[in-house]
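S.K.: I'd like to ask some things about the structure below.
Each reported figure results from applying straightforward, stated rules to the coordinates on display, with no laboratory input. Small disclaimer: the values here were computed from a predicted structure and weren't measured. Here the Cβ positions follow ideal geometry from the backbone for every residue, glycine too, while neighbour counts run over all protein chains shown.
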Amino acid sequence: MEFITSWFDQLDRFLKENLYNFSCNEYSEVYQSFLKVHYDRCGTSENLTGFSEYLTNRLFFFLLEEQKEFALSPVEPVNGIQGHNVPDLLIYKGTEICALISVKAVKKMKNPNVVEDLRRIDNVRHNGFKSLMINYLSHDSLYPKTIYKHQRDDHKLLFMDNNSKKLVDEVHSFLFK
């Protein structure tokens with residue numbers, strides 16, 4: 001058990017040390033490297049979930065560590081127009097939700113998981129907070145028409161792969177302006 005804790009501690013140190021240096025693409029490369037090693041050793045990386053969520057949770061944990069007015073809450077139900085949904089992460093400012101974070105690792109925007117996730121986001125965003133969908137893998141279209149179809153007010157689609165902008169800049173310019 002100590003070995004696993006040590007491995008996660010090393011990963012956390014790596015993420016924290018590079019927080020202000022890495023581009024979105026470099027975080028995508030971390031994710032894709034994990035998938036490649038898993039594939040090389042196990043013969044598959046299909047349906048492998050959890051690592052992108054861990055990366056995102058830790059990145060936001062370190063981003064918010066210096067901003068005491070914000071708090072991070074993973075996997076918490078949020079009441080919506082039709083029942084409730086449980087997003088990957090919530091960011092609170094004081095006692096109010098200020099942002100919802102959704103994590104994806106899909107190559108195509110037509111993926112049913114993306115469409116379903118956007119439906120869930122729409123269900124709970126009547127509360128007036130911002131939302132951010134982070135996708136660690138590239139998608140099949142950067143055409144403005146495709147992006148517009150999935151865009152919402154106060155919602156950002158953040159594609160990590162092939163994105164040379166720094167993650168901290170992308171997040172701060174959208175969530176904390």
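S.K.: From the Cα gyration tensor of the range 31-113, with a ≥ b ≥ c the square roots of its eigenvalues, which class applies: rounded if a/c is under 1.5, or else prolate if a/b is larger than b/c, or else oblate?
M.R.: Oblate shape, in that a/c is at least 1.5 and b/c is the bigger or equal ratio.
S.K.: Normalised by the number of residues in the range 2-175, what is the relative contact order in percent for Cα pairs under 8 Å and 6+ residues apart?
M.R.: 25
S.K.: Using the number of other C-beta atoms within 10 angstrom as an exposure proxy, rank D153, D122 with the fewest first.
M.R.: Ordered from fewest to most neighbouring Cβ atoms within 10 Å, D153, D122 come out as D153, D122.
S.K.: Quick one: order M1, M133 by neighbouring beta-carbon count within 10 Å, fewest to most.
M.R.: The fewest-first ordering by Cβ neighbours comes to M1, M133.
S.K.: Right, next: When the helix-only estimate is applied to the chain (DSSP H runs of n ≥ 4, each -39,500 (n - 2.57), divided by the residue count), what is the mean residue ellipticity at 222 nm, nearest 500 deg cm²/dmol?
M.R.: -14000 deg cm²/dmol
S.K.: Can you sort D117, D40 from fewest to most other Cβ atoms within 10 Å of each residue's own Cβ?
M.R.: With the sparsest Cβ surroundings first, the list reads D40, D117.
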